[in-house]
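Enquirer: My questions will all concern the structure given below.
The values are calculated or read from the model by the stated rules, or taken from the named source; none is laboratory data. Since this is a predicted model, take the numbers as computed values, not measurements. No Cβ is skipped: glycine too gets one built from the backbone with ideal geometry, and neighbour counts run over all protein chains shown. Remember, those area values only see protein heavy atoms, side chains included, never the ligands or the DNA or RNA. Shrake-Rupley method; radii C 1.70, N 1.55, O 1.52, S 1.80 Å.
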Amino acid sequence: MNNWLFERKSSISEGWLRRIFETYPPEAATFLSNQNDRFANPIGSAFLSAAGPILEELFGEGNPETVEGFIDEIIRIRAVQDFRPSDAVSIFFLLKLAIRDEMTKEKEGQDKIKTEDILFLESKIDKFSLAAFDIYMKCRERVWEIRFNDFIKRPFVLSEAAMCPSYLIKKGMIKDVGFDGEKGCSLS
Amino acid sequence: MGVMLSLIAVLVIVLVPLAGSQVSGLQYVFGVFFPYAGFAVLLAGFVFKVLNWAKSPVPFRIPTTAGQEFSLPWIKQAKLDNPSTTTGVIGRMAFEILAFRSLFRNTKAELRSGNLIYGPAKWLWLGALAFHWAFFIIAVRHLRLFVQPIPGWVEFLDKIDSIMQIGTPPVYITDVLLIGGVTFLLLRRLLIPRVRYISLPADYFPLFLILAIGTTGILMRFFIRTDIVAVKSLLVGLATFHPFIPKNVGAIFFIHATLVSVLMAYFPFSKLMHLGGIFLSPTRNLANNNRMVRHVNPWSYPVKVHTYDEYEDEFRDLMKGAGIPVERE
Amino acid sequence: MAKDLTQKEMLRIDYNPPKSGWMDTPVKIKPGIYCHPAKPEKITDVGMPNAHTWNPLDEDWNLPANWQQIFFEGMRERLDKHRSFKIFMDICVRCGACADKCHFFLGSGDPKNMPVVRAELLRSIYRKEFTTAGKILGSLAGGRELTPAVLKELWYYFFQCTECRRCSLFCPYGIDTAEITIIGREILNLLGLNINWIQEPVSNCYHIGNHLGLKPHTFKENIEFLRDDIESYVGVRIEPTFNRKGAEVLFVTPSGDVFAEPGIYTLMGYLMLFEHIGLDYTWSTYASESGNFGFFTSFEMAKRLNAKIYAEAKRLGVKFIIGGECGHMWRVIHQYMDTFNGPADFLEVPVSPMTGTTFENARSSKMIHITEFTADLIKHGKLKIDPSRNNHMKVTFHDSCNTSRAMGILEEPRYVINNVCKHFYEMPDTTIREQTFCCGSGSGLNASENMEIRLRGGLPRANAVKYVHEKHGVDTVACICAIDRAVLPASMEYWVPGVKVAGVSELVANALIMEGEGERTLNLRGEEIPVTEGGDNV
């Protein structure tokens, strides 16, 4: 892999995290990126601890399965937060931007990297993106399984057919189960 | 927006006496009328506010318990953080009011090179404590200017405060702490996005006001000197209700006095009333002896309940069928 | 390099300026965050006002025409009734000490989940309507008009607060967001804006006796099923009694433990413990709920539901009451019951019949916590215990918000666990005891439809569990709260798979050597107890 970029790993990692944190409201973003305590800031510290190993692998072998656990750390959190699916899994696209930031920061950056290296790196990033998508889907399915299990564990509610969706729809208290472009498929 | 408005408001409060005190006759307004009015509003407003709070009862005993409760004899109680007696509550309140115990709790653990290190994140606590104590000592120290002869303990306080003996006249430690503290609290509001997010004009205004008070005070002592003897005779006059305006009192004094008057008048209508509120805060000033001593709710009223008799009437057959004893067959 | 898309162009997230302040940013209500509205008939049948059908996603919430007037009158009444509310509306300096203490903020990054903002949502209305400065200066004095959009925001965020009081611990003035949420919800209830997950249990509890709506025979049958399970796993036959007059003790516990896993194992634990020591006690089908969802509705409703416990104790002529493991139940029992429905002068100061210990701390309310009771039994050597049966477990303890910050029962459960389990590991200091993190689903927010906010709110707690899970191999979270038992499994399943949740009494019962028991190869869950060499492992 290209040495010039590899040497700038920690700087790239910083820029990458900054861009990820910028997907949160600014009031939260600084807190997430500045508070290093794992327990006082579970989101930020999870991202922080995962970024290094992921980049290491990306610049090395480039096999997302090796660092699946770390990608999972990030995606699992974003999967239940206030993001659209595309935004939740956007982290590796943000990494591309972070790498380009790094390349344009110094004039020599663009000269020292061969186009084929860049293309190869970007392909690897794409591979990581696809892995992130798989993990995202796994997490979302997990949420729905948990939600469903939770739902059927509540016999007292179902005993009256009270919270049965058809009852609620009839009563006008929920809308139809269906696809809504804005929110995705949801039982609202 | 809140920042600019507050800043402008304070600048206006500075400019008015600056210009006004040049006009003869108006000095009386800034040097006598405003201070009296401000003090009166402070006193009346403070008392009104506290009485108004006290008018609302405390229906439930709801202390926030911050440690082990009083329990079995062999279990060690956290007597200060979870007091069950009045003495304990007084101790808890003293720590809270004098040392900002709850803010001090802001600990955090940091993950440095893989090892967990518990370090304090106590900047807010330190800044707030420095600011409040400095403010209090400065206020007390000012007694020196209001009474004649000066009481020994005020002299002593003055001496301690200027113990560093830097410069002439010597710099007060509390002046440095006050300006430092206010600046810290202000910068925090401006620079930390989540604190900026929650800040209102009412948060910036008192900070600017106090900063202006501190600055004018320091200016008066070190840079724009004014006749201290004249100032003292004015203030003693105020304190003894024989107000008069001596000659040779500079505009800087009138600015300082106006700012303080505004602060006093603003105090009871603002969040600054936390000074009074803390004493009445039900999550702090009550003992956690709920199960030991019954707390009476003054507005308690009878409520409709589903009585056992109604219950048995509804379910008697089911109960009998299941072999559950009933009152009436 | 050629022109490229910026982050802003690529993602649809855009927080960049000009961004309006929070007061002017209208709330966007999203599915997965809120719970279904209360069914009108469940509001009406307990005599609460303004029941109507509405949908949180609709523009129009079908509010009564004079809803603002109802809101303001309700607010004024509560300002006059609660010094706490009045002071908390006045003295916040917005220092931000609470901002990063809320599990919902930590797990979501939503700035309106900072406790100070949650309170400011209501405070802004207070300033506008109840202070002179606010009336004249409006937004300059931090005031805000109560519009339908603002009402929706209040509803959305007051049902995103679990009343855990963690923020109140760090507030220099003791401002308690729980108190503000409680009163805020009470005002919303005047407009019929409750959630069904709270309202239906309230209605059930009022009419039938418990949140789950278990009728007397079903309640008894359920406990007898569990009794049968004990017989097959432990080999001991237990005969619990119901509504028995003349018993020494009335035992009440959350009905969740009668029905749902893993709470039922805790209930089996109670049955075995009482059998083991030969306690003369009775269950009640009338007071078959000690939890109190009424507390998440209004103080009045809390009092109405709570009344049954003393009434039943009086009817049955017991000496004192023991309460099971639960969080909000103990907030109500400890801080409110005596005031609500006391004085309990028909009862006696609790004295343990086995050890003779007088429970001085319950001198007036005459109700003690099962964990206090058990700790005292162990201390006096009244329990025959074989802790090695729990040797295969690595246990940590999750303090519930209410028992730690509204009571302070911290050492007792630890003492009990340490006596019945060999491998006990604490989570980091800043996440336990009085600083404990909420499970993420307390105060009636443990529905299924709001799973996403539950998981977000559960992250800080789960993250600390994950830490001890990775470091020490912890596989069991012990707790003394029925809500924890109901909701932590979901949170663990998502954040820390492989960690299960157990009530402290379940752990106790697994270790109890019962008289006449068979060979104990199964635990209370009917699972093989892993045999470890010499009965000892790791």
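Enquirer: Taking all protein chains as present, what is the carbon and sulfur share of the accessible area of segment C:30-152, in % to the nearest whole number, probe 1.4 Å?
Expert: Details: 1930 of 3800 Å².
Summing carbon and sulfur atoms, their accessible area is 51 percent of the total for segment C:30-152.
Enquirer: Let me ask something else about it. Tell me: how much accessible area in total is hidden between A and C, 1.4 Å probe, Å², nearest 100? Walk me through the intermediate numbers first.
Expert: Working: alone 11730 and 21780 Å², together 27690 Å².
The contact between C and A buries close to 5800 Å².
Enquirer: Given a 1.4 Å probe, show me the residues in segment C:386-423 buried by at least 50 Å² of accessible surface when comparing the whole protein assembly to the chain alone.
Expert: C:GLU412
Enquirer: Still on this structure, I have one more. With a 1.4 Å probe and every protein chain left in place, work out the accessible area per residue of chain C in Å², rounded to a whole number.
Expert: Each residue of chain C exposes 28 Å² on average to a 1.4 Å probe.
Enquirer: Same structure, new question: Provide a list, ordered by number, of residues in segment C:72-100 showing at least 50 Å² less accessible area with every protein chain present than when their chain is taken on its own, using a 1.4 Å probe.
Expert: The answer is C:LYS81, C:ARG83, C:LYS86, C:ILE87, C:ASP90, C:ILE91, C:VAL93, C:ARG94, C:CYS95, C:ASP100.
Enquirer: Taking a ≥ b ≥ c as the square roots of the Cα gyration tensor eigenvalues, with a/c under 1.5 meaning rounded and otherwise prolate when a/b beats b/c, else oblate, which class fits segment B:159-259? Before the final figure, lay out the partial values.
Expert: On the way: a/c = 2.87, a/b = 1.64, b/c = 1.75.
Judged from the Cα gyration tensor, segment B:159-259 comes out oblate (a/c at least 1.5, b/c at or above a/b).
Enquirer: How many angstrom lie between the Cα centre of segment B:193-264 and the Cα centre of segment C:70-127?
Expert: That distance is 33 Å.
Enquirer: Would you mind giving the total buried accessible surface between chains B and C, with a 1.4 Å probe and ligands, DNA and RNA left out, rounded to the nearest 100 Å²? Walk me through the intermediate numbers first.
Expert: On the way: alone 20540 and 21780 Å², together 34250 Å².
Its buried surface, counting both partners, is about 8100 Å².
Enquirer: Then there is this: For segment C:12-158, rounded, prolate or oblate, judged on the Cα gyration tensor with a ≥ b ≥ c (square roots of eigenvalues), a/c < 1.5 rounded, else prolate if a/b > b/c? Don't skip to the end; give the middle numbers.
Expert: Details: a/c = 1.56, a/b = 1.13, b/c = 1.38.
Verdict is oblate for segment C:12-158.
Enquirer: Within segment B:1-98, report the trypsin sites (Lys or Arg not before Pro) that DSSP leaves as loop and that have at most 14 other Cβ atoms within 10 Å. Walk me through the numbers before you get to the answer.
Expert: Details: sites: B:LYS49, B:LYS55, B:ARG61, B:LYS76, B:LYS79, B:ARG92; in loops: B:ARG61, B:LYS76, B:LYS79.
Of the trypsin sites (Lys or Arg not before Pro), the ones in loops of segment B:1-98 whose Cβ has at most 14 other Cβ atoms within 10 Å are B:LYS76.
Enquirer: R0 = 56 Å: FRET efficiency of B:THR240 with A:LYS105, Cβ-based, nearest 0.05? It would help to have the intermediate numbers written out before the result.
Expert: Values: r = 70 Å, r/R0 = 1.26.
For R0 = 56 Å, the calculated efficiency reads 0.20.
Enquirer: Could you give the DSSP H helices of chain B that reach 20 angstrom or more along their long axis (alpha carbon positions) and whose average Kyte-Doolittle hydropathy is no lower than -1.0?
Expert: On the way: long enough: B:2-20 (27 Å, 2.70); B:34-55 (30 Å, 1.20); B:123-141 (26 Å, 1.55); B:173-191 (26 Å, 1.69); B:201-218 (25 Å, 1.33); B:251-266 (22 Å, 1.99).
Span-like helices in chain B: B:2-20, B:34-55, B:123-141, B:173-191, B:201-218, B:251-266.
Enquirer: At a 1.4 Å probe radius, carbon and sulfur cover how many percent of the accessible area of segment A:3-152? Spell out each step's value before the answer.
Expert: Details: 3430 of 6360 Å².
Of all accessible area on segment A:3-152, carbon and sulfur atoms account for 54 percent.
Enquirer: Between B:LEU51 and C:ASP58, what is the FRET efficiency for a Förster distance of 45 Å, r being their Cβ-Cβ separation, to the nearest 0.05? Intermediate results must be reported in sequence, preceding the final value.
Expert: Details: r = 45 Å, r/R0 = 1.00.
Plugging the Cβ-Cβ distance into 1/(1 + (r/R0)^6) gives 0.50.
Enquirer: Here is a follow-up. For B:LYS159 and B:LEU18, what does the FRET efficiency come to when R0 = 35 Å and r is the distance between their Cβ atoms, rounded to the nearest 0.05? Walk me through the intermediate numbers first.
Expert: Details: r = 33 Å, r/R0 = 0.94.
Result of the calculation: an efficiency of 0.60.
Enquirer: In percent, how large is the relative contact order of chain C, given Cα pairs closer than 8 Å and 6 or more residues apart? Each step should come with its number before you reach the end.
Expert: Working: 999 pairs, mean separation 89.9, N = 538.
With pairs under 8 Å counted, the relative contact order is 17 percent.
Enquirer: Kindly express, to the nearest 10 degrees and within the range 0 to 90, the angle between helix C:177-190's C-alpha long axis and the longest C-alpha principal axis of chain C.
Expert: 70 degrees
Enquirer: Let me ask you something else. Treating the angle as unsigned and between 0 and 90°, give the value, to the nearest 10°, between the Cα long axis of helix C:115-130 and the longest Cα principal axis of chain C.
Expert: 50 degrees
Enquirer: Within the accessible area of chain B, what % is carbon and sulfur when the probe is 1.4 Å and the other protein chains stay in place?
Expert: Result for chain B: 73 percent of the exposed heavy-atom area is carbon or sulfur.
Enquirer: Same structure, new question: How much of the DSSP beta bridge set in the protein assembly as shown is antiparallel, as a percent to the nearest 5? All intermediate terms of the calculation are to be shown ahead of the outcome.
Expert: Working: 13 of 32 bridges.
Here the antiparallel bridges make up roughly 40 percent for the protein assembly as shown.
Enquirer: Compute the accessible area per residue over segment B:2-321, keeping the other protein chains in place, probe 1.4 Å, unit Å². Present the calculation step by step, with values, prior to reporting the outcome.
Expert: On the way: 15380 Å² over 320 residues.
Accessible area per residue, segment B:2-321: 48 Å².
Enquirer: Can you run the Rg to Rh ratio on the protein assembly as shown? Use alpha carbon positions and the Kirkwood inverse-distance Rh. Please report the intermediate quantities before stating the final value.
Expert: Values: Rg = 31.5 Å, Rh = 31.4 Å.
Rounded to two decimals, Rg over Rh is 1.00.
Enquirer: With a 1.4 Å probe on protein heavy atoms only, work out how much accessible surface B and A bury together, total over both chains, in Å² to the nearest 100. Mind dumping the intermediate values first?
Expert: Numbers: alone 20540 and 11730 Å², together 31500 Å².
Roughly 800 Å².
Enquirer: Next question, about the same structure. Rounded to the nearest angstrom and ordered from largest down, what semi-axes does the equivalent ellipsoid of segment B:225-288 get from its C-alpha gyration tensor (root of 5λ)?
Expert: Numbers: eigenvalues 279, 35, 18 Å².
Semi-axis lengths for segment B:225-288 are 37, 13, 10 Å.
Enquirer: Let me ask another. Quick check on the protein assembly as shown: helices-only [θ] at 222 nm, where DSSP H runs of length 4 and up contribute -39,500 (n - 2.57) each and the sum goes over total residues. Nearest 500, please.
Expert: Details: 48 runs with 550 residues, N = 1055.
So the helix-based figure for the protein assembly as shown works out to -16000 deg cm²/dmol.
Enquirer: Check each of the GluC sites (Glu not before Pro) in segment C:36-139 and keep only those in coil by DSSP with at most 10 other C-beta atoms within 10 angstrom; list them in order.
Expert: Answer by residue number: C:GLU59.
Enquirer: I would also like to ask the following. Using alpha carbon coordinates only, what is the Rg to Rh ratio of segment A:3-152, with Rh defined as the Kirkwood radius? List each step's numbers first, then the result.
Expert: Numbers: Rg = 16.3 Å, Rh = 16.2 Å.
Ratio value, two decimals: 1.00.
Enquirer: A follow-up question, please. What are the residues of segment C:307-329 that lose 30 Å² or more of accessible area, with a 1.4 Å probe, going from their chain alone to all protein chains?
Expert: C:ARG315
Enquirer: With a cut-off of at most 16 other beta carbons within 10 Å, and DSSP calling the residue loop, which GluC sites (Glu not before Pro) in segment A:38-124 qualify? Please list them. If you can, show how the numbers build up before the last one.
Expert: Numbers: sites: A:GLU56, A:GLU57, A:GLU61, A:GLU65, A:GLU68, A:GLU73, A:GLU102, A:GLU106, A:GLU108, A:GLU116, A:GLU122; in loops: A:GLU61, A:GLU106.
Answer in residue order: A:GLU61, A:GLU106.
Enquirer: Let me ask something additional. For chain B, what does the relative contact order come out to in percent, with C-alpha contacts under 8 Å and a separation of six or more? Mind showing how you got there, number by number?
Expert: Numbers: 367 pairs, mean separation 106.9, N = 329.
Worked out over chain B, it gives 32 percent.
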